[in-house]
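> Take this structure first; my questions come after.
The values are calculated or read from the model by the stated rules, or taken from the named source; none is laboratory data. Since the structure is predicted, the reported quantities are computational estimates derived from the model, not experimental observations. So basically every Cβ, Gly included, is an ideal-geometry build from the backbone, and we count neighbours across all protein chains shown. All accessible areas refer to the heavy atoms of the entire protein, side chains included, with ligands and DNA or RNA removed. Shrake-Rupley method; radii C 1.70, N 1.55, O 1.52, S 1.80 Å.
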Amino acid sequence: MGYLPGMWHDFGVTIGGLAGALTGLLFVAVSIKSDTLARSRSLRSRAGQTLVLFMTSALAAIVLVAPQPGDALGGELLALAAASGSILYVLDRRGGHDQASGVARYIERASPNAITSVFFGVAGVTFLVTAGGGLYWLIPAAVASLVGGVINAWLFLVRV
């Protein structure tokens, strides 16, 4: 089942809807505190990371439900992993790390930005070689992406 994209249609629809809803809520939060956001490079980077994490799941859902050959799906998952990983890395470096205290410091260190990209990449590779789990890797990838986005959004809002 991990190599039959048609069986994952409902998963893709569910993840796409959830990622879309969370992205909309992020835009509401950003628009409410846009003046504070404009003054802080760290907060802008955190908001950008959150958007990338949510959109990574949304884009993965789109390529999953699109009717296409399996090789295309595997390649698109790899491209998505590379693009999101690169963007998240740049945003993380650009934003730096504030001297967060308490729980926020530990959550920031455990934020699954890199894990998200790695899991989407593993899904693409194992799907292409039809060994190692295939599309089953989309489950932890989507969870890491959405949970990571929620963590980033919480850290963003706590600092605002």
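> How tilted is helix 138-159 with respect to the longest principal axis of the chain? Cα atoms for both, answer in degrees (0 to 90, nearest 10).
10
> How would Ile32, Ile115 line up by accessible area, probe 1.4 Å, largest first?
Details: Ile32 115, Ile115 80 Å².
My answer, sorted largest first, is Ile32, Ile115.
> At a probe size of 1.4 Å, how large is the accessible area of Arg44, to the nearest 10 Å²?
Rounded to the nearest 10, that gives 110 Å².
> Can you pull the accessible area of Met7 for me, 1.4 Å probe, Å² to the nearest 10?
120
> Treating each Cα of the chain as an identical point scatterer and ignoring solvent, apply the Debye formula and state log10 I(q)/I(0) at q = 0.08, 0.11, 0.14 Å⁻¹.
For the requested q values the scattering log ratios are -0.24, -0.43, -0.67.
> Using a 1.4 angstrom probe with every protein chain in place, what is the largest-first accessible-area order of Tyr136, Tyr3?
Numbers: Tyr136 105, Tyr3 75 Å².
Highest to lowest solvent-accessible surface, that is Tyr136, Tyr3.
> Moving on to the next point. At 1.4 Å probe size, with no ligands or nucleic acids counted, give the accessible surface of Val30 in Å², nearest ten.
Answer for Val30: close to 30 Å² accessible.
> Please arrange Arg46, Arg94 by accessible surface area, largest first, computed with a 1.4 Å probe and ligands excluded. Each step should come with its number before you reach the end.
Details: Arg46 20, Arg94 125 Å².
Greatest to least solvent exposure: Arg94, Arg46.
> Where in segment 6-27 does the amide nitrogen come within less than 17 Å of the point 7 Å from the Cα of Val147, taken along Cα to Cβ?
Residues 15, 19 fall inside that zone.
> Just to confirm, what accessible area per residue do you get for the chain at 1.4 Å probe, in whole Å²?
Details: 8000 Å² over 160 residues.
For the chain, the per-residue accessible area is 50 Å².
> Same structure, new question: Considering Cα pairs under 8 angstrom that are at least six residues apart, work out the relative contact order of the chain and quote it in whole percent. Write down the numbers at each step before the final one.
Details: 221 pairs, mean separation 51.4, N = 160.
Taking the mean separation of contacting Cα pairs over the length of the chain, I get 32 percent.
> Which distance in nm do the two modelled labels at Val28 and Arg94 give, with both placed 7 Å along the Cα-to-Cβ direction?
Result: 2.7 nm between the two label points.
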